[in-house]
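Everything on this sheet refers to the single structure shown next.
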Amino acid sequence: MLRGYEIAGNKIVESEQTPSPIMVYINPEEAEKRHLVDELRIDEHTLASALDPDELSRLEFEPDHIALIYKRPRNYSGKDQLLFKVASSGAFLFKGRLIIVRTDDAPLFDGKSFTRVQLISEVMLKLIFRSISHFVEHLKVFNLITDELEQKINTAMENKYLLNLFTLEKSLVYYLNSINSNGALIEKLKYNASKIGFTVEEQELLDDLIIENSQCYRQAEIQSNILASLMDARASIVSNNLNVLMKTLNLITIGIMVPTLVVSVFSMNVPIPGEGHVLSFWGILALALASVGGMMALWKRIRR
């Protein structure tokens, strides 16, 4: 799928030009890939990297353009079962034109950062800024989900919520790797700012990107460390809850067995003392109730 955009009134709007100053290829088909490789001279391996979720961020210089691969979080779906995934995107900056390649059709130019844009190269940098903001938004969601799971674990006696925490911890590892990879990319952009031709304002934006990405990485690292350090304690809570339940069930079982034993003894088909007495039934019932009372007293003493 191909969409065209242009900068009008310092905003990015859809364009009907062919080709447009900003062209977005969403999960390009084979014909579109051939167009990008054969006519626009985009390296085939670099193009494949833009669609590979396991590819690391990097910057490459080509004769007539620069190629940028950066990491971003994928939009979460309920089918993912609390597994937050990352994806790669490619930005290819030509003279007066920007080609963007991504795998999914998600809002691209939303957010406060795109309310004022002047240059094509600035759009490329703000795409990275939008990616960092997206990571930060997901980290806030991580925190809310973790708090909710912790409350459920306090009373849980199964591994369901604990496994959800393991899934979140796995997601944080992917996020940390992606954020760190983006940080190396931004540093390389800063180092080659004069070679690329960034303006003073764009170089200041690069400084802001370095700060924002560093803060995002520290936030993800703190959440990952807290989640990992408390995982054993949460597993112990689930195990302890199960032990308490089993202890209670065992006491209830014993409490039922004792009066059952009393009644069973007097129900045997053999001569027993007092079998002809008029109060035999009430005596046996009293013994059964007394055994129940004795077990309850013993239970309270054990629980002190």
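Given H placed 1.01 Å from N in the peptide plane, which residues other than close sequence neighbours of A87 have an amide H under 5 Å from its amide H?
R72, R74
Please give the direction-averaged projected area of the C-alpha convex hull for segment 2-229, in square nanometres with one decimal.
If I average the Cα hull's projected area over directions, I get 13.3 nm².
Nothing charged except the Cβ atoms of Lys and Arg (+1) and of Asp and Glu (-1): what's the magnitude of the dipole of segment 188-233 about its Cα centre? Round to the nearest 20 debye.
The calculation lands at about 240 debye.
What is the extension gain from E150 to D104, computed as 0.36 nm multiplied by their sequence separation minus the C-alpha to C-alpha distance, in nm to one decimal?
Computed gain between E150 and D104 is 13.3 nm.
Between V13 and Q81, what FRET efficiency comes out of the Förster formula 1/(1 + (r/R0)^6) with R0 = 45 Å and r the beta carbon distance, rounded to 0.05?
The computed FRET efficiency comes out at 0.75.
On full extension of the chain, what length is gained from L251 through I222, given 0.36 nm per residue of separation minus the C-alpha to C-alpha distance?
Separation in residues times 0.36 nm, less the Cα-Cα distance, equals 6.1 nm.
How big is D, in µm² s⁻¹, for segment 47-158 by Stokes-Einstein at 4 °C and 1.567 mPa s if Rh is the Kirkwood radius over C-alpha pairs?
Reported coefficient: 81 µm²/s.
What list do you get for T103, T18 if you sort them by fewest beta carbons within 10 Å?
So the residues, fewest neighbours to most, are T18, T103.
Using only alpha carbons, build the gyration tensor for segment 160-207 and give me the equivalent ellipsoid semi-axes, biggest first, whole Å.
Working from the Cα gyration tensor, I get semi-axes of 37, 9, 5 Å.
Give me the extension gain from I211 to R34: residue separation times 0.36 nm, minus the current Cα-Cα distance, reported in nm with one decimal.
The I211-R34 span can extend by a further 59.9 nm.
Read the figures in this text as sums done on the coordinates, not as results from a lab. All values reported here derive from a predicted model rather than from experimental measurement. Reconstructed Cβ throughout: ideal geometry from the backbone, glycine too, with neighbour counts over all protein chains shown.
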